[in-house]
Amino acid sequence: MKRKNTKRVPSFRKLLRTSKIKLDNKLKNKQYKQQSAVKKYRKEQKKLRQAVRDAVRKKPFPLEDNKKKHVGKSEKHEEEEEDEALPLDMMDEDDLQLMEDLARKASFLTRDISSTEPVHIKKRKRDSVIEKYEKIPRRVNAEPEKELIHLLPIKDKSGIIPQTMEKPVPDVADDEEEDTEEMEVTEDFNEEPPPVLTPEEMAAQRKIKLQERKMHIAALASAILSDPENNIKKLKELRAMLMEQDPNVAVIVRKLVMVSLMEVFKDIAPSYKIRPLTEAEKATKVKKETQKLREFEEGLVSQYKFYLENLEQTIKDWKQRKLKKSNIISLKAYKGLAEIAVKCLCELLVALLHFNFHNNIIVLIVPLMNDTSKTISDLCCEAVKKLFKQDKLGFASLGVVKVVSGLVKGRNYNVRPEVLEVFLHLRIKEVELKKDAEDIAPKKKFMTFKEKRKHLSRMQRKWKKAEEKLERELLEAEASESKEKKLKLHTETLNIVFLTYFRILKRAQKSPLLPAVLEGLAKFAHLINVEFFDDLLIVLHSLIASDDLSYRESLHCILSAFQILSGQGDVLNIDPMKFYTHLYKTLFSLHAGGTNDDIGIVLQCLDVMLAKRRKQVSQQRALAFMKRLSTLALHVLPHSSIGILATNRILMQTFPKMDLLLDNESQGSGVYLPELDEPEHCNAQNTALWELHLLQRHYHPTVQKFAAHLAVGAPAEGSGALSLDLSKRPATELFEAYNMKGMTFNPPVPSVTPRRKDTFSHMDSFLNQELNEQLQQHASKTVSHKTLDFAKHLKESSLS
């Protein structure tokens, strides 16, 4: 048996891949095939023309030439021919003239009649010449020469036979009639030009067209949503409106169709991923309902794929500044179309995490995060942040992180900082949690022994016991498997994130991405492997010592270092005194201006450095920080003062003997040195918190409450205690709650507006009193009647 030469069918994933390399290869193959077809056609035409030339050249020889060839024959043969020849004097003149004319033309002779050679010699060659010659049309001198049209040749055993046809000559009368008709039509056209519309009429006409398109879009969308399985073909009709050709309404119609299709796909897409059917599944017979469902799924996937390709092409045309040949839409309008396309892709990225082509959408969206247009970049970044928050398992997050890491490396770390800041929204806090299968397994209520004995028979109890045992095992296996899968995905995601961070720390320390890297390290530092702690702390300290960082970046370095030491780094014997000194030295760099927003990071650093590491912090260091923070509270905005005073309250309650700063008498030797940058040697125990007395007169009521609370020793109960709303909230939360970014005062200022009637009555009484005093003074003296009249007139006018 011969083996069938079956061509391997490519997979569905391979067919539907929309990568740029694949599309370029397809385009090159298509162009190569077109060029090959053109070359083949040219060669065939060349052969045809050559065959026609050969047929024209090979004409039969006249009789005179044949006679010259046989001059050397025997004289006997010539004499016999002369004897047998017909005497010319016996022929009429007309017959003789006809014979001479025919001899000149030789149109009816095809071979040498006088030749004595056998007929079968060179038969094939002569036959082909005769056939080619007979194909040539006869020409008569009286008739005009006709043009020939070369047709496709016929190929047989003897060779290629060219085919020709006479070009038809149009009648002059018909041409004249057509010319007259055309002239009449043009005259009629010139007589009735199209009406010129006014701008109002054009606007009204455009409004009518737009309304018709909207109604058509709404009808198609509602039909699809009402019965998706039966009306799946209408998706193609709706998608065809993306190619609207009317320049008056093309832009708006295309935008409406994009958004409508996006909402339709979000609504009718199933909650599972549709896989392609295998050959065996296609060959098997199924029910009508199953076949109908398969056709619906296949149509949905194909239309969804075409829709995504249309969105991708719209964005690509705008990025490459390309216009279509029709030039229906201007380049400026293409930007609006591209923004709508990006919005649709972002919505589908977040809404259809589980559906087909989600990885293709990720590949489209992630490079747009680094787009020069801020609108498009912000849209894509927000969509990725929402994706991280909604992705519970971690498949989609892992795909995004891989593409972002490749983008950063491919662009040689020349990307926007917002691209790396999206890593801060990853949900991977529970990575290192490893619990037993009993704790992970979801709880399910099973029947008690008394309930079984009461409601079930002996045989039923036996079966119920075996069934419950099997269910417990299945639940434990399912829970442990899902948890392990989640931990595995989160671990792989974190490895890629830290790989990106470490590359930037090693190769691009002066890059604008460094703040985002340090902030990410500060958040995920407790998940780093212990083996990298020493090297990472050395790198962070070298960055701080280089003085190339801004103040905010140095704060992120400090926060990252203490996050490392607060987690698994507790077992390490490392003294981070350099970080304490740097923070203490730079605290006075903060003020009520631009650096006021950095106080939120400072509060986080103080919480990790002092409150959570109270066993490793000396009393001298805590006193020095508390004194400097109290002085700093005088120079910053109210919400920053509240956060700093809340931190001082925690220090006063955490460390013993902090009430030394509330006493005027010095404790120990030495004098307080506020300008010294070493917190251990500045003698902070010999000073007092005189700043609290000033803060008790602050215009913000919450600052007053905190200052009065600290001045009496920060008691937990009693008259000097704070309310639960202020005492239970951490310092960073209070800093955000009392922030005045929105130009709002918290708590709101009570508005006391006096009534208008009371104001006028007060003014009237005051004027009456003043006028009465003046009148009494004038009455005591001898004044003229004019003065009294003027006073009375002034009183009446003021009252009115």
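The values are calculated or read from the model by the stated rules, or taken from the named source; none is laboratory data. None of these values were measured; they are calculated from a predicted model. Neighbour counts are summed over all protein chains in view; Cβ atoms, including those assigned to glycine, are modelled from backbone coordinates with ideal geometry. Accessible surface is based on the protein model in full, side chains and every heavy atom, while ligands, DNA and RNA are left aside. Shrake-Rupley method; radii C 1.70, N 1.55, O 1.52, S 1.80 Å.
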What single numbered condition from (1) in a helix (DSSP H, G or I); (2) within 17 Å of Leu695 (Cβ to Cβ); (3) open to solvent by 60 Å² or more (accessible area, probe 1.4 Å) fails to hold for Gln620?
-> (2)
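Within 45 Å of the chain's Cα centre (by Cα), hydrophobic (A, V, I, L, M, F, W, C) and not in a loop (DSSP other than H, G, I, E, B), is that true of Phe625? First the steps, then the outcome.
On the way: within 45 Å of the chain's Cα centre (by Cα): no; hydrophobic (A, V, I, L, M, F, W, C): yes; not in a loop (DSSP other than H, G, I, E, B): yes.
No.
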Out of all the residues in segment 195-206, is one or more exposed (fewer than 12 other Cβ atoms within 10 Å of the Cβ), part of a helix (DSSP H, G or I) and modelled with pLDDT of 90 or more?
-> no
Can you name every residue in segment 284-294 that is open to solvent by 70 Å² or more (accessible area, probe 1.4 Å) and either β-branched (Val, Ile, Thr) or without any contact (Cβ under 8 Å) to a residue 60 or more places away in the chain (or both)?
-> Thr284, Lys285, Lys287, Lys288, Glu289, Gln291
Got at least one residue in segment 329-350 being more than 26 Å from Lys234 (Cα to Cα) and outside any helix (DSSP H, G or I)?
-> yes
Conditions (1) touching a helix residue (DSSP H, G or I) at 6+ places or on another chain (Cβ under 6 Å); (2) open to solvent by 50 Å² or more (accessible area, probe 1.4 Å); number of the one not met by Leu311 | (2)
Specify which of the listed residues (Ile544, Ile538) is open to solvent by 70 Å² or more (accessible area, probe 1.4 Å), modelled with pLDDT of 80 or more and either under 26 Å from Ala611 (Cα atoms) or in a loop (DSSP other than H, G, I, E, B) (or both).
-> Ile538
Say whether the condition of being touching a residue at least 24 places away in the same chain (Cβ under 8 Å), open to solvent by 50 Å² or more (accessible area, probe 1.4 Å) and out of contact with any Cys (no Cβ under 7 Å at 6 or more places or on another chain) is met by at least one residue in segment 553-565.
-> no
Can you spot a residue in segment 397-413 that is open to solvent by 20 Å² or more (accessible area, probe 1.4 Å), within 27 Å of Ile274 (Cα to Cα), part of a helix (DSSP H, G or I) and touching a Leu at 6+ places or on another chain (Cβ under 6 Å)?
-> no
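Residues are listed down the side, and each one gets a yes or a no for (1) open to solvent by 50 Å² or more (accessible area, probe 1.4 Å); (2) within 13 Å of Leu645 (Cα to Cα); (3) over 53 Å from the mean Cα position of the chain (by Cα):
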residue	(1), (2), (3)
Ser669	yes, no, yes
Pro674	yes, no, yes
Asp677	yes, no, no
Ala684	no, no, yes
Arg697	yes, no, yes
Thr702	no, yes, no
Lys705	yes, yes, no
Glu717	yes, no, yes
Leu722	no, yes, no
Right, Val703: closer than 26 Å to Asp597 by Cβ and β-branched (Val, Ile, Thr) or not?
-> yes
